[in-house]
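The values are calculated or read from the model by the stated rules, or taken from the named source; none is laboratory data. Quick caveat, the model's predicted, so the values are computed rather than measured. Every residue, glycine as well, gets a Cβ built from its backbone with ideal geometry; the counts of neighbours run over all protein chains shown.
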Amino acid sequence: MFSGEQAHQLDAKNRIRIPAMFKLDADEKFVFCKGAAPCIYVLPKRFLEEKAREFSAIPFFNEGMQEALSEFASSFYPVEADAQGRILIPQKLREYAHIDKNVITIGVFDRLEIWSEEVKNERRNKKSYNDFMKVLDSYGK
């Protein structure tokens, strides 16, 4: 389970190190994908396998659903760290998340989110912490 946040930077070759505070299981494979907001999700590969089973029930000839599924699935990139623990962020994901240099990695329980520091700060400046808590309080009501 992940929580907290850490600011850091891409290197000159568009690689990052996942901050040590977010210990990833060395035996588990991870994928990067587009997040719901303009950020990158870091998810265990088993998440992809669970979603594949869940989405196998989507009607094969429902064009709208199949197109949405295609967009979702096309945003996943398997990633591996090099010998120094660096991970290359695919260009399409960097563009989607508006990541240039400075990033913030946030632990959100079962996933990590990699944000452009500028984008995350802009979004945080639009709402107060209390506004975010009200959204969470309304979940399930």
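Name the pairs: first residue in the range 1-30 and exposed (fewer than 12 other Cβ atoms within 10 Å of the Cβ) and at pLDDT 95 or above, second residue hydrophobic (A, V, I, L, M, F, W, C) and not in a strand (DSSP E or B), Cβ to Cβ under 9 Å, at least 6 apart or on different chains?
Partner pairs satisfying both residue conditions: Gly4/Met21; Gly4/Phe22.
What's the number of the only condition in (1) in contact with a strand residue (DSSP E or B) (Cβ under 9 Å, 6 or more places away or on another chain); (2) modelled with pLDDT of 95 or more that Glu80 fails to meet?
Result: Glu80 passes all but (2).
Answer yes or no as to whether Ser75 is more than 15 Å from Leu10 (Cα to Cα) and either among the polar types (S, T, N, Q) or modelled with pLDDT of 95 or more (or both). Write out each step before concluding.
Details: more than 15 Å from Leu10 (Cα to Cα): yes; either among the polar types (S, T, N, Q) or modelled with pLDDT of 95 or more (or both): yes.
Here the answer is yes, as Ser75 does meet what is asked.
What are the residues in the range 105-141 that are of a type outside the set (Ser, Thr, Tyr), assigned to a strand (DSSP E or B) and within 9 Å of Cys39 (Cβ to Cβ), if any? Spell out how you get there, then give the answer.
Of all residues in the range 105-141, those of a type outside the set (Ser, Thr, Tyr) come to 106-115, 117-127, 130-137, 140-141.
So of that shortlist, the ones also assigned to a strand (DSSP E or B) come out as 106-109, 111-115.
Of everything in the range 105-141, those that are of a type outside the set (Ser, Thr, Tyr), assigned to a strand (DSSP E or B) and within 9 Å of Cys39 (Cβ to Cβ) turn out to be Ile106, Glu113, Ile114, Trp115.
Test Tyr41 against the criterion of being touching a Pro at 6+ places or on another chain (Cβ under 6 Å) and surrounded by 12 or more Cβ atoms within 10 Å (Cβ to Cβ), and give yes or no.
Details: touching a Pro at 6+ places or on another chain (Cβ under 6 Å): no; surrounded by 12 or more Cβ atoms within 10 Å (Cβ to Cβ): yes.
Here the answer is no, as Tyr41 does not meet what is asked.
When the range 66-91 is examined, which residues are found to be assigned to a helix (DSSP H, G or I), surrounded by 12 or more Cβ atoms within 10 Å (Cβ to Cβ) and not aromatic (Phe, Trp, Tyr)? Even if it seems obvious, please write down each step before you answer.
We begin by selecting, within the range 66-91, every residue assigned to a helix (DSSP H, G or I); these are 66-74, 91.
Within this subset, residues satisfying the condition of being surrounded by 12 or more Cβ atoms within 10 Å (Cβ to Cβ) are 66, 68-69, 72-73.
Gln66, Ala68, Leu69, Ala73 - these are the residues of the range 66-91 that are assigned to a helix (DSSP H, G or I), surrounded by 12 or more Cβ atoms within 10 Å (Cβ to Cβ) and not aromatic (Phe, Trp, Tyr).
Scan the range 57-65 and give yes if some residue there is in a helix (DSSP H, G or I), of a type outside the set (Asp, Glu), surrounded by fewer than 12 Cβ atoms within 10 Å (Cβ to Cβ) and under 15 Å from the mean Cα position of the chain (by Cα), otherwise no. So that I can check it myself, show each step before the final result.
Restricting attention to the range 57-65, the residues satisfying the condition of being in a helix (DSSP H, G or I) are 63-65.
Now drop any that are not of a type outside the set (Asp, Glu), which leaves 64-65.
Cutting the leftovers down to surrounded by fewer than 12 Cβ atoms within 10 Å (Cβ to Cβ) gives us 64.
Now restrict to residues that are under 15 Å from the mean Cα position of the chain (by Cα): none.
No, the range 57-65 has no match at all.
Taking the conditions exactly as written (of a type outside the set (Asp, Glu), more than 22 Å from Arg46 (Cβ to Cβ), in contact (Cβ under 8 Å) with a residue 24 or more places away in the chain and surrounded by fewer than 18 Cβ atoms within 10 Å (Cβ to Cβ)), does Arg94 satisfy them or not? I'd like the intermediate steps shown before the answer.
Working: of a type outside the set (Asp, Glu): yes; more than 22 Å from Arg46 (Cβ to Cβ): yes; in contact (Cβ under 8 Å) with a residue 24 or more places away in the chain: yes; surrounded by fewer than 18 Cβ atoms within 10 Å (Cβ to Cβ): no.
The answer is no for Arg94.
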